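Scroll down for the structure; my scribbles are underneath it.
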Amino acid sequence: MSYAPEGQQYQPPYRPEGQNPQQPYGDQYGRRPYGQQSHEPQEPRGGQPYGRPQQPYGQEPFEPQEPYGQEPPYEPRRGSRARRWVIAGISVLALAGIAAGVMYHFEIPPFTDKGSAVSFGQTPGGGDGKKKDAAQQPANSKMLMPTGPQAEFKNSMTLPDGTHVAVTTLDGKKSGFKGKVWVWAPKEYNDPKFAKSGFPVMIALPGGAGYPSNYWMGTDLGLQTSIAKWYTEGKSKPFILAMPVLNPAPDDKGIYWDGSDIPDQPKMGTWLTEDVPDLMKANFRTVKSRDGWAFMGSSTGGFAGLKAVLKHPDKFKAVIASGPDIVPDSSLWKGHDKEKAENNPEILAKQLIDRKGPDVYLAFQVGDSENNKKTLPDVQKFIATFGNKGPVHTELRVIKGGQHNAKTYVPNMGEGPIQFISKVMEGPVE
């Protein structure tokens, strides 16, 4: 392929006007433009008939040329058919690749395992997950067998270690809210060594709208792979992740629900603290006590997780709150001051201290370059007022140069917060 500088077209070699590369066939033998020399061998007198000169020994026979400007009769070139087959094959492969990409996008097997059923070790229709299994375990066991009913999980993505992020639609019996929940279990969950062990659960909440998806379910933020890595490094428990939607609708008008039961609104507080845990208990081997239950969240999700632990310390023991709000501030609280106070972490922390327990562990992390300049001072004030007083145990990690986003928070969780809560939590347990 000829190369021409950008913006220029390929031009054939220049010829002076009127000059052709060869003489027309049929010109008289020996007749040439004035001043040009003949390069053809001269025929001696008495030799070959006129018009068919004898070629010298070793040269190819003279072939008459077609008149200038006319194409010679077409003769197929050797190999052209093979080239056509190659081009056809490449075209078929390209179309197949496009089709495979489309089928992958729309989750059509066999080009992807997206959308395929995921059992997380349960036997469809029976086995692990039946109530009889729970009844057979020892009464003093710290592990809770799956209680059922078994949910229908569909694969959302497969991680390099073979584990799955799967999704189900949960019809919350206690909240009345119906929404999606993504789940992930570490590879140890299906390891025969832990076949009779219950695993701790972390409910991971996103910031922002948190609807119609929960951004922790994506592998781009590395939450799942980080937990797996931290566990091998001895920094973390092998948490099962539950990743529910946070809000009941898009936050397109600045309306959000604070992960709470606001009067006359969907009961998102009950959804997060009752229905989602019930889903996990129904489908996974978990820890019976609150020692195996925690929250993690950023921004609005950090507030919701913080509030859930302080409001229900009998069910949850710890939280990692990254860049959280400290007080409820939804516009939907207007006219409901009593209920708003019942969901205020500052008031809840004071009440927990006054009644002397149970102990909770609150790990905060905040970037020193957060876009909301009040976030760090508000967290510091909360810790100064309630931290490490009685049953409220706190820790703060300030992330140098850290901003208000999940990409800042995940890597830094392994440098302190995940270790802080893992030291006081249990699992795997039998």
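Looking at the stretch 405-422, can you tell me whether even one residue there is farther than 16 Å from Ser226 by Cβ and open to solvent by 50 Å² or more (accessible area, probe 1.4 Å)? No, because not a single residue in the stretch 405-422 is farther than 16 Å from Ser226 by Cβ and open to solvent by 50 Å² or more (accessible area, probe 1.4 Å). Note on the stretch 132-164: residues that are free of Cβ contacts under 8 Å to residues at least 60 places away in the same chain and either touching a strand residue (DSSP E or B) at 6+ places or on another chain (Cβ under 8 Å) or small (Gly, Ala, Ser) (or both) amount to 10. For Glu152, the conditions (1) exposed (fewer than 15 other Cβ atoms within 10 Å of the Cβ); (2) under 16 Å from the mean Cα position of the chain (by Cα) are fulfilled apart from (2). Taking the criterion of being among the small types (Gly, Ala, Ser) and open to solvent by 30 Å² or more (accessible area, probe 1.4 Å), the residues of the stretch 197-234 that qualify are Gly208, Ser213, Gly234.
Can you find even one residue in the stretch 294-302 that is under 24 Å from the mean Cα position of the chain (by Cα), of a type in the set (S, T, N, Q) and either assigned to a helix (DSSP H, G or I) or surrounded by fewer than 21 Cβ atoms within 10 Å (Cβ to Cβ) (or both)? Full working, then the answer.
Step one: filter the stretch 294-302 for residues under 24 Å from the mean Cα position of the chain (by Cα), giving 294-302.
So of that shortlist, the ones also of a type in the set (S, T, N, Q) come out as 298-300.
Next, only the ones that are either assigned to a helix (DSSP H, G or I) or surrounded by fewer than 21 Cβ atoms within 10 Å (Cβ to Cβ) (or both) stay: 300.
There is at least one residue in the stretch 294-302 that is under 24 Å from the mean Cα position of the chain (by Cα), of a type in the set (S, T, N, Q) and either assigned to a helix (DSSP H, G or I) or surrounded by fewer than 21 Cβ atoms within 10 Å (Cβ to Cβ) (or both).
Counting the residues of the stretch 276-293 that are within 22 Å of Thr169 (Cβ to Cβ), assigned to a helix (DSSP H, G or I) and out of contact with any Ser or Thr (no Cβ under 8 Å at 6 or more places or on another chain) gives 4. Screening the candidates Thr169, Thr232, Thr225 for the property of being closer than 30 Å to Asn140 by Cα and β-branched (Val, Ile, Thr) yields one hit, Thr232. Checking each residue in the stretch 235-249 for being in contact with a Pro (Cβ under 6 Å, 6 or more places away or on another chain) and open to solvent by 10 Å² or more (accessible area, probe 1.4 Å) picks out Lys237, Pro248. If you go through the stretch 178-204 and keep only what is within 16 Å of Thr168 (Cα to Cα) and in contact (Cβ under 8 Å) with a residue 24 or more places away in the chain, you end up with Gly179, Lys180, Val181, Trp182, Val183, Trp184, Ala185, Ile203, Ala204.
Of Asp261, Asp291, Asp252, which residue is farther than 24 Å from Glu152 by Cβ, open to solvent by 50 Å² or more (accessible area, probe 1.4 Å) and modelled with pLDDT of 95 or more? Show your work before the answer.
Numbers: Asp291 fails: open to solvent by 50 Å² or more (accessible area, probe 1.4 Å); Asp252 fails: modelled with pLDDT of 95 or more.
Residue meeting the stated conditions: Asp261.
Taking (1) under 14 Å from Gly302 (Cβ atoms); (2) free of Cβ contacts under 8 Å to residues at least 60 places away in the same chain in turn, Lys389 satisfies each apart from (1).
The values are calculated or read from the model by the stated rules, or taken from the named source; none is laboratory data. Note that the coordinates shown come from a computational prediction; the quantities given were computed from them, not determined experimentally. Note that we place each Cβ from the backbone using ideal geometry, even for glycine, and neighbour counts take in every protein chain shown. Each accessible area value is taken on the protein alone, full model and side chains, heavy atoms only, with ligands, DNA and RNA left out. Shrake-Rupley method; radii C 1.70, N 1.55, O 1.52, S 1.80 Å.
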